[in-house]
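Below is one structure, written out as structure tokens, with a few remarks after it.
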Amino acid sequence: MTKVLKVDAVEPDTGKIAIAAKAITEGGLVAFPTETVYGLGANALDPEAVAMIFKAKNRPADNPLIVHISKMTQLREVAEGVSPRMLNIAEKVWPGPLTFLFRKSDRLPQAVCGLTDKVAVRMPSHPVALALISAACVPIAAPSANLSTRPSPTSAAHVLADLDGKVDIVLDAGDTFFGVESTIIDATCRPFRLLRPGACTLEELQRLLGRVSVPMSVKKAESSAHAIAPGMKYRHYAPSKPLYMLGNKGFSHKLFAMKNVGIICSRELCRSYRGAGKNVIILGSEKNLYEIARNLFKSLRALDELDVEFGIIETFKEEGIGLAIMNRIKKASADMELPSTVR
Ligand code: TXA
Ligand code: MG
């Protein structure tokens, strides 16, 4: 049975956090909010608890997990050989939606890192996440709290839709802030390498880290043996219904009039076609990509609730957080554009 504990997002109740922390130290699974998406957490130092994460999510064993810490001294428990310069940088950007890859420490169970000798670490900024990790006194391994291939959860309801009965406790603090996952940087190579675009933008990172290399696979969706974050090679973020990107050929009145299509788009685009109808899901304003990011995964899940055969989604500029948005949209649609026969 999954227990849901509602907590305040800013000042979480210490009694409820203590209950969740106890579940973690006893080897259980706790889903908790971070500023990006909800995570499915277990004690990172307990191999059996870590194995349960993979089982609950139906996650391939070669797809490693992110380890969440609440204070800098915990970094030493999970990573090795972090240079003073890197420590300095991490101290500046954490807590926040940025994950670094370091060399894994021997103490950390191999299962956390898949087949690699590196560990992905981040210190989240969500008060509930920080309180939970502090109270548990252990680093917490946590992938996004969705079933493998499904869109990441941005609310406790999404977590329950995928994992009810498979997780001991869900800490419900409402919707997450960014709505897309953290940015992942490999800090073991020079120049630093972007492995997954996310809530922290490339532009911000370049200001902070200098040159950051961006592999081709970041802008390409298809599964490739070249995907560098192992998780990026799997089908991901996908609604159950087929989803197509609109591409740059534009919407048409015909599309908005079709009954078997669900349209996921900005408020502006919807207005220009006077398209507001029951099959339109609004992502937010095209002028505020943070709003679009925040509603993206929720909208992909909402498509499955519509009585339609397939979905079409608007595309956005790959700038700022738009890079993360488009990375997720391309993956969710397997990089497929709408066939011209449908237009
Ligand atoms: O915002 C986030 O990062 C959320 C919250 C819960 O923190 N977590 C998250 O975890 O998105 P997950 O497991 O859904 O995605 C982690 C990604 C995967 O693509 C995985 O392959 C990559 O990080 N990753 C983890 N460890 C790695 C490693 N040692 N080498 C390369 N990639 C790694
Ligand atoms: Mg995930």
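Which of the residues that make up segment 188-200 are part of a loop (DSSP other than H, G, I, E, B), open to solvent by less than 10 Å² (accessible area, probe 1.4 Å) and away from ligand 2 (no atom under 16 Å from the Cβ)?
none
So, in segment 36-64, how many residues would count as being within 15 Å of ligand 1 (Cβ to nearest atom), open to solvent by less than 20 Å² (accessible area, probe 1.4 Å) and more than 13 Å from residue 146 (Cα to Cα)?
Qualifying residue count, segment 36-64: 5.
Determine which single condition residue 318 fails, assuming it passes every other condition in (1) in contact with a helix residue (DSSP H, G or I) (Cβ under 6 Å, 6 or more places away or on another chain); (2) surrounded by 24 or more Cβ atoms within 10 Å (Cβ to Cβ); (3) not in a helix (DSSP H, G or I).
(2)
When the residues of segment 259-271 are narrowed to those that are open to solvent by 10 Å² or more (accessible area, probe 1.4 Å) and touching a residue at least 24 places away in the same chain (Cβ under 8 Å), which ends up nearest to the chain's Cα centre (by Cα)?
Only one residue tops the list, namely 269.
Which number in (1) within 19 Å of residue 131 (Cα to Cα); (2) open to solvent by 20 Å² or more (accessible area, probe 1.4 Å) marks the one condition that residue 106 misses?
(1) is the only condition that residue 106 fails.
Take residue 208 and decide whether it is of a type outside the set (Val, Ile, Thr), touching a helix residue (DSSP H, G or I) at 6+ places or on another chain (Cβ under 9 Å) and buried (at least 20 other Cβ atoms within 10 Å of the Cβ).
no
Restrict the check to segment 158-165 and report whether at least one residue is within 16 Å of ligand 2 (Cβ to nearest atom), within 21 Å of residue 64 (Cβ to Cβ) and open to solvent by 10 Å² or more (accessible area, probe 1.4 Å).
So far as segment 158-165 goes, yes, one or more of its residues are within 16 Å of ligand 2 (Cβ to nearest atom), within 21 Å of residue 64 (Cβ to Cβ) and open to solvent by 10 Å² or more (accessible area, probe 1.4 Å).
Would you pick out the residues in segment 211-221 that are open to solvent by less than 20 Å² (accessible area, probe 1.4 Å) and either within 14 Å of ligand 1 (Cβ to nearest atom) or assigned to a loop (DSSP other than H, G, I, E, B) (or both)?
218, 221
Out of 138, 180, 170, I need the residue that is crowded, with 24+ Cβ neighbours inside 10 Å and away from ligand 2 (no atom under 16 Å from the Cβ). Which one?
Residue meeting the stated conditions: 170.
The values are calculated or read from the model by the stated rules, or taken from the named source; none is laboratory data. Owing to the predicted nature of the structure, the values given are computational and were not obtained by experimental measurement. All Cβ positions, glycine included, derive from the backbone under ideal geometry; neighbour counts span all protein chains shown. For accessibility, only protein heavy atoms count, side chains too; no ligands or nucleic acids. Shrake-Rupley method; radii C 1.70, N 1.55, O 1.52, S 1.80 Å.
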